[in-house]
Amino acid sequence: MAEKTETHEFKTEVKQLLNLIVNSLYSNKEIFLRELISNASDAIDKLRFKAQTEEGLQEDDTEFEIKIERDAIKNTLTVEDNGIGMTYDEVLDNIGTIAKSGTNGFLQAMEQLNKDDTITPELIGQFGVGFYSSFIVAEKVTLLTKAAGQEKAVRWESHGDGEFTITEAQKETRGTVISLELKKKQEGDQDFTDEWTIRQIVKQHSDFVAYPIVMEVEKDEPIPEAEQLKDKDGKPIGETTRKVIKEETLNSMKAIWSRNKKDVSDQDYEEFYRHIGHDWNPPLEKLHLKLEGTTEYTALLYIPSQAPFDLFNPESKHGVQLYCKRVFIMDDCQELMPEYFRFVKGVVDAPDLNLNVSREILQQDLLVRNIRRNLVKKLFDLLNGLEQEPYEKFWQEFGAVLKVGVHTDIENKNKIADLLRYKTTKSDGQWKSLQQYVKDMPPDQKEIYYITGENLSALINSPLLEQLKSKDFEVLLMTDPIDEWVTQALTEFDGKKLKSAEKGDLDLDKVDEDKKGKYETLFKHIRVKLEDTIKEVRPSTRLTDSVACLSGNNYDMSGYMEKILKSAGQATPENKRVLELNMTHPVMDKINGMFEADKKDPKLDDYIHLLLDLAVIGEGGKLDDPAKFSKLVGDLMAGI
């Protein structure tokens, strides 16, 4: 009896679409092997699932495996599985859908992809894109498959250039064999018949597939002593080893994230972390969870104990890898982890994630956002649950990165604020949370005070804090550049407003109006003399011991922010500061006396500039003319 054979011709538009698949949808040619292995793994999964309700479906073949065969002479590559296989109609429905359905559905899917960046995984299977990626590297693709429990097999063949044929065939066992007649290798191309090339691809993309991926490899094996040639003294003559061909498993199959937590040892967790994190230090903490329901995924995430050297490099990658049914899809998965958690390493395995047709770019859809939201919530819970010592270790390594979220993640800003830690004027060099700061506030303190700068010692001794210290008010010492952006986004905490010790009126004490009137004319004179540098001179609400300091109005740029922008080579708007003078300091009476005696006294100008220099030094700034300052101080000390 003649076997049933059908030939299907691709429509012109479909040829164009196939050309798109081959040349545009995959940025890396080796991805085709990942796709074929993924399909093989799915076929075995389906058989195992169906066998739960259909007795005898697995027959005697219960040792599941995915087999790769390569032939460098014939330039062929074959991927075989003993999964569920396909019937004649299923081949037409699943493999031949592009040809069968014409262009409408696929064009609509591509149009939707371009429109809103979403396409469901069902479309991937429906249009057979993963399978058709074989034509990236193959001149001809032949598929031989036999469905479990069926007598007849099916052969599908195509050169991908115009038509394909589908024929009833013979095959002894169930499963699918996909044979690729590879294109002639061009200069610079990977050799997909090379053992180490195949090893590398499987290791990178399919290492955690649950079934053995096996391949025959050539190995050196000792020749049994009984078969060795020996001299009269019994010593071996010639070779003692010989080349043998043996089947070897290429993947580790250690998808520990899919196992129950109680079945995974601490050593297993650490070994897996070293594998994906390329870090020989043990992780600080781990998060292993499995969620079932509307949003289904498994995740195994790690917080490193030490920051990588490139943590602040803009080119550094996120540490989360995406898997789909234990098949590697992509690393650097930014869609699943916000920027401020970019130091987190691990895997997320989600069988129903929406991917684009290349399975390389994760799409922003509701499911992805749900997974991301859940992971972020779990990470917050994990960090909040850490004991003080490990948390402080985490904070020293990654605190600066976590702070980014205050400015970038409005939804979780308050949760991140709970995790912030700062050294303060009262913490004796220890880290303190904002919650503890508020708890320790005296009853008459209404605001949370902070000061920014690059040097902790300079900040804690800053003249700007003198009045606050005299009131026994604690001040947060912020020394990270990112803190300037934190304070812009986090304007209050626990109902208490954050107030810069450098900007605006602190309103701690009422200004002595009599003294203010006494110095009013002098202050105007000083302002005129320093108009190129400062915008205002006023009585200080901050100083108790020092004579002068520089401050700003509420919405002015801080001195540290200006320094940050300038060091980054960015142009900054003119940012004149306010010169605050301590009216209770004895030197002010002396300067005022000189002013009243002779407004044109050259020494008066020197004293005025000296006041400004003292204010600049007090905040750790650099003087425009340090030599002149040194001379003035020397003359003053000598009583000249």
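The values are calculated or read from the model by the stated rules, or taken from the named source; none is laboratory data. These numbers were taken from a predicted model, which means no experiment stands behind them. Every residue, glycine as well, gets a Cβ built from its backbone with ideal geometry; the counts of neighbours run over all protein chains shown. Just so you know, the surface numbers come from the protein's heavy atoms only, side chains and all, with ligands and any DNA or RNA stripped out. Shrake-Rupley method; radii C 1.70, N 1.55, O 1.52, S 1.80 Å.
Tabulated data for the structure shown
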| quantity | calculated |
| --- | --- |
| Rounded to the nearest 10 Å², the accessible area of D483 at probe 1.4 Å | 0 Å² |
| Area accessible to solvent at S540, 1.4 Å probe radius, in Å² | 30 Å² |
| Rounded if a/c under 1.5, otherwise prolate or oblate - the stretch 411-462, Cα gyration tensor axes | oblate |
| Built amide H within the under 5 Å cut-off of M557, gap 5+ | none |
| With DNA, RNA and ligands ignored, accessible area of R326 (1.4 Å probe; Å², nearest 10) | 50 Å² |
| Distant-in-sequence amide H partners of R577 (H built 1.01 Å from N, under 5 Å) | K535 |
| Overall dimensions of the stretch 446-504 by Cα: Rg and Dmax, Å | 11.1, 30 |
| For the chain, calculated [θ]222 nm from helices alone, where every DSSP H run of n ≥ 4 adds -39500 (n - 2.57) | -10500 deg cm²/dmol |
| Prolate/oblate/rounded call for the chain, Cα gyration tensor, a/c under 1.5 rounded | prolate |
| By average C-beta atoms within 10 angstrom, highest first, the peptides 551-558, 275-282, 601-608, 236-243 | 551-558, 601-608, 275-282, 236-243 |
| Two-site FRET efficiency, E225 against E271, from Cβ-Cβ distance with R₀ of 25 Å, rounded to 0.05 | 0.10 |
| Per residue, the convex hull volume that the Cα atoms of the stretch 443-600 enclose (Å³) | 126 Å³ |
| Percent carbon-and-sulfur accessible area, the chain, ignoring ligands, DNA and RNA, probe 1.4 Å | 46 percent |
| Considering only the chain, percent of DSSP beta bridges that pair antiparallel, nearest 5 | 80 percent |
| Axial C-alpha extent at least 20 Å, average Kyte-Doolittle at least -0.5 - helices from the chain (DSSP) | 31-50, 366-384, 602-618 |
| Residues of the chain: accessible area per residue with a 1.4 Å probe, Å² | 52 Å² |
| Highest to lowest packing among 303-309, 290-296, scored as the average C-beta count within 10 Å | 303-309, 290-296 |
| Peptide ranges 263-270, 616-623 listed from the most packed, as the mean C-beta count within 10 angstrom indicates | 616-623, 263-270 |
| Mean shadow area of the stretch 371-477 over all directions, Cα convex hull, nm² | 7.7 nm² |
| Estimated FRET transfer efficiency (E6, A307; beta-carbon r; R0 45 Å; 0.05) | 0.15 |
